[in-house]
Amino acid sequence: MAINGISSYGLNSLYGYQSSINSLRLTQALSNNPKLNQSYSSSASTSAFTSRKAAMKQDVSFVKDYSSKMSDLMNAANELRSSNKNGAMSDLAITSSNSDVATASGKLLVKNDKEYKLDVTQIAQAQMNVSEGVKAADYAKSAMNFTVDDGKNSVNVQVGTTKANGGSRTNVQMLKEAADQINKSKVGVKATVVEKDGVASLQLEGKETGKGKDFEVSGELGAAKGAENVKTEAANAKYSVTADGRTTEYETETNKVSIGYYGVSVELKKAGEATLKAGVDSGSVASALGDLVDAYNSSLKFLNDNYDRGSGVGRQLRNMISGIGSEQSLKQLGITVNKDATLSFSKSAFEKNMQKNPSLSKELISGMGGIADRMFNKASSAMNVSSSSLVNGSGSSSFSGSSTGSSSMSQATNPYSVMGMFSKGGAYNMSNYYAVGMMMNYLI
């Protein structure tokens, strides 16, 4: 059986698991037998028994948390494994070889391995008019009374040189009032006041790109003198696409276009050339890689905080911090190792390296011996640790008695010791961490 790349070992796992469960049920039943408990249930040992019971609850909680941490790490690593067909490494997105020329957004809904060469000769533009500059702080010499007309809607702008309180308006105040009236209207023009080095001007730009999306300015402009003159004409985007040796030319009113990929939109940025092709979605991978680092750090801190609980915890801690990858390979993934052995992840560094060398980044993540496999194997190994070894340190005292009979009975009724006996075979009995989880559920 396989679940998202996690496999079991057939019927042997089932038999080993069932045998362990049967033994657990027997020992737990015997622990409640008053005849068997007489050897250590005297009034003198009541407080010791209560103490052992409390300590056992703590150990149960610890093992449950241990299992949860390792499962989280395993799941985070599995998200990036190549064997997981529903993971982040299987999400395809369209990438551009030159994001200054064109960018792609959206998720590829239908598999398409074609490569498209894009040649942009002109991007779509909106008309822009800019007035002559005036000294911003000077008082206005004349009023404004002009019209902006886009062919569908128009606005009449009227601004006097005197404020409502009787004070005089400066040039920049005149321009700001004019811009406010334009922006509050339905005309398809956006007005902006630009100030630089004490000089102010009125900038008018059409809200839509494309040929024919023109507007006109006429009337008494005052401080906005020159705003009737066109600085940039409205224009269509012009580009060509080459695929399978065939080139097709296009002309569109907008810079958002569709190029051969269902579900993906391409935005033209400036004139130039770019190559579009399907590849791993770097955004999804970056998110999953960040989750993996977080899960690793959380597991590492948990093991470090509980280092003295058992020899198995110490061994797993040493296993976790060794062999996670060379400094150079981690750097390629935007990962650095901190002084306390935890990891730090830089999304921007990863995405930069991913764009520069996607095949190398992909291999270091999901290839054989990549960070996903390494982390998955570490977590899987942790799930196969003998349960008794997790609590044979400071926690083991909760199950030890003063007499030989008490010690023997404690060993028999300690579920972790029983589980330890049946997990010594490693892959044979406890290879599947789902089986371990089921046993934990039974105990807890």
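Within the bounds of the stretch 65-80, is there any residue that is buried (at least 18 other Cβ atoms within 10 Å of the Cβ), outside the structural domain of Asp291 (by TED's automatic domain parsing), acidic (Asp, Glu) and over 30 Å from Asp244 (Cβ atoms)? Taking every residue of the stretch 65-80 in turn, none turns out to be buried (at least 18 other Cβ atoms within 10 Å of the Cβ), outside the structural domain of Asp291 (by TED's automatic domain parsing), acidic (Asp, Glu) and over 30 Å from Asp244 (Cβ atoms). The set of residues in the stretch 245-298 that are under 30 Å from Asn338 (Cβ atoms) and assigned to a strand (DSSP E or B) contains only Val280. Filtering the stretch 110-130 to residues that are modelled with pLDDT under 95, part of a strand (DSSP E or B) and among the β-branched types (Val, Ile, Thr) leaves nothing.
Taken over the stretch 299-340, the criterion of being more than 22 Å from the chain's Cα centre (by Cα), of a type in the set (Gly, Ala, Ser) and part of a helix (DSSP H, G or I) is satisfied by Ser311, Gly312, Gly314.
The helices (runs of 4 or more DSSP H) found wholly in the stretch 341-395 and carrying at least 2 residues that are within 30 Å of Val63 (Cβ to Cβ) occupy 371-383, 387-390.
Out of Glu363, Glu351, one residue alone is among the charged types (D, E, K, R), more than 17 Å from Ala77 (Cβ to Cβ) and within 22 Å of the chain's Cα centre (by Cα). It is Glu351.
Here is a yes/no grid of residues against (1) in contact (Cβ under 8 Å) with a residue 60 or more places away in the chain; (2) part of a loop (DSSP other than H, G, I, E, B); (3) surrounded by 14 or more Cβ atoms within 10 Å (Cβ to Cβ):
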residue: Ala178; (1), (2), (3): no, no, yes
residue: Gly212; (1), (2), (3): no, yes, no
residue: Ala223; (1), (2), (3): yes, no, yes
residue: Gly226; (1), (2), (3): yes, yes, yes
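A single member of Ser201, Ser185 is among the small types (Gly, Ala, Ser) and either in a loop (DSSP other than H, G, I, E, B) or surrounded by fewer than 16 Cβ atoms within 10 Å (Cβ to Cβ) (or both), and it is Ser185. If you go through the stretch 114-168 and keep only what is within 30 Å of Ile259 (Cβ to Cβ), in contact with a Ser or Thr (Cβ under 9 Å, 6 or more places away or on another chain) and surrounded by 14 or more Cβ atoms within 10 Å (Cβ to Cβ), you end up with Glu115, Tyr116, Lys117, Leu118, Asp119, Val120, Ile123, Ala124, Gln125, Ala126, Gln127, Met128.
Yes or no: the stretch 142-154 includes at least one residue that is modelled with pLDDT under 90 and assigned to a loop (DSSP other than H, G, I, E, B). Scanning the stretch 142-154 turns up no residue that is modelled with pLDDT under 90 and assigned to a loop (DSSP other than H, G, I, E, B). Being modelled with pLDDT under 95 and either more than 26 Å from Ile365 (Cβ to Cβ) or acidic (Asp, Glu) (or both) is the requirement here; does Asp91 meet it? For Asp91, the condition - modelled with pLDDT under 95 and either more than 26 Å from Ile365 (Cβ to Cβ) or acidic (Asp, Glu) (or both) - is met.
The values are calculated or read from the model by the stated rules, or taken from the named source; none is laboratory data. In this text the structure is predicted, and so the values were computed from the model without any measurement. So basically every Cβ, Gly included, is an ideal-geometry build from the backbone, and we count neighbours across all protein chains shown.
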